[in-house]
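Nothing in this text is a laboratory measurement; each read-out follows from the coordinates by a stated rule. Because the structure is a prediction, the values reported are computed rather than measured. Note that we place each Cβ from the backbone using ideal geometry, even for glycine, and neighbour counts take in every protein chain shown.
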């Protein structure tokens, strides 16, 4: 919001407050006129939608590049080969496009709601002033109270963009884990800065292993819950506002703690390790 436009909105609101302080709510025409002028000034005070859309595209684009960086992918999906990650990238790009459209729609709805809340506050205040006016109004305090939604909107829009970036990263992580057949997910808590209050339940969940419901190892009788919860029994990373926690996916029996393996699972894991050791011995002989 430019200083000139912001000051114009402040000025129009100040004039409306002064008018009602002097005359009170004595006619619907007076109220309708000020509501029209305030709405126009409020809309003009907002950052142009084209500028906000550009900022949204840039922010989510940066988050997409960070979330799909090979180093990030290898940290969160260690057992998935890079060629497999490359194969899923078109789906990830579609998720980016989907999130941009959804985020733009959310911001637009928030803007409309903020303008409406401002007008509602004005109408609520102005209709409380008796016909003939009053001297009991603190005009500056009233101005600040009525325009609170509009004044705080730029900050809220930045927070929405940041939060949507977190949700994009979580969605990318989930797409890869689902596509590659994850069997467990380990929760990692991320402490936010800037006054963010960590959710106690998220802190307590740090490094806890959760089971993907219906995964191939469960279906094959190779693993058991062993007192663990399913991933769908808790809120997901970035599901709650401004959460930056993330899942680390596990794909093989080697990713399970011993107590989660069934007898058949232990046998299969032992056989796999024996086969790997045999291959390593053969390679050593030929070298």
| Given the conditions (1) buried (at least 18 other Cβ atoms within 10 Å of the Cβ); (2) without any contact (Cβ under 8 Å) to a residue 60 or more places away in the chain; (3) over 18 Å from the mean Cα position of the chain (by Cα), and given that residue 220 satisfies all but one, which numbered condition is not satisfied? | (1)
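For the stretch 122-212, give me every one of the helices (runs of 4 or more DSSP H) that falls completely inside it and has 1 or more residues that are within 17 Å of the chain's Cα centre (by Cα) and loosely packed, with under 14 Cβ neighbours inside 10 Å.
Numbers: elements: 139-146, 148-151, 153-180, 200-204.
Filter on the stretch 122-212 gives 153-180.
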| field | Filtered residues of the stretch 105-118 (kept if touching a helix residue (DSSP H, G or I) at 6+ places or on another chain (Cβ under 9 Å) and surrounded by fewer than 17 Cβ atoms within 10 Å (Cβ to Cβ)) | value | 106, 108, 110, 113, 116, 117
| query | Applying the selection to the stretch 125-135, what residues are touching a helix residue (DSSP H, G or I) at 6+ places or on another chain (Cβ under 9 Å) and within 19 Å of residue 14 (Cβ to Cβ)? | reply | 125, 126, 127, 129, 133, 134, 135
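Report whether or not residue 182 is free of Cβ contacts under 8 Å to residues at least 12 places away in the same chain and in contact with a helix residue (DSSP H, G or I) (Cβ under 9 Å, 6 or more places away or on another chain). Please lay out each step first, then the result.
Values: free of Cβ contacts under 8 Å to residues at least 12 places away in the same chain: no; in contact with a helix residue (DSSP H, G or I) (Cβ under 9 Å, 6 or more places away or on another chain): yes.
No.
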| request: Can you run down the residue pairs with Cβ atoms below 9 Å, 6 or more apart or on separate chains, where the first is in the stretch 252-269 and free of Cβ contacts under 8 Å to residues at least 12 places away in the same chain and the partner is assigned to a helix (DSSP H, G or I) and buried (at least 17 other Cβ atoms within 10 Å of the Cβ)? | output: 266/253
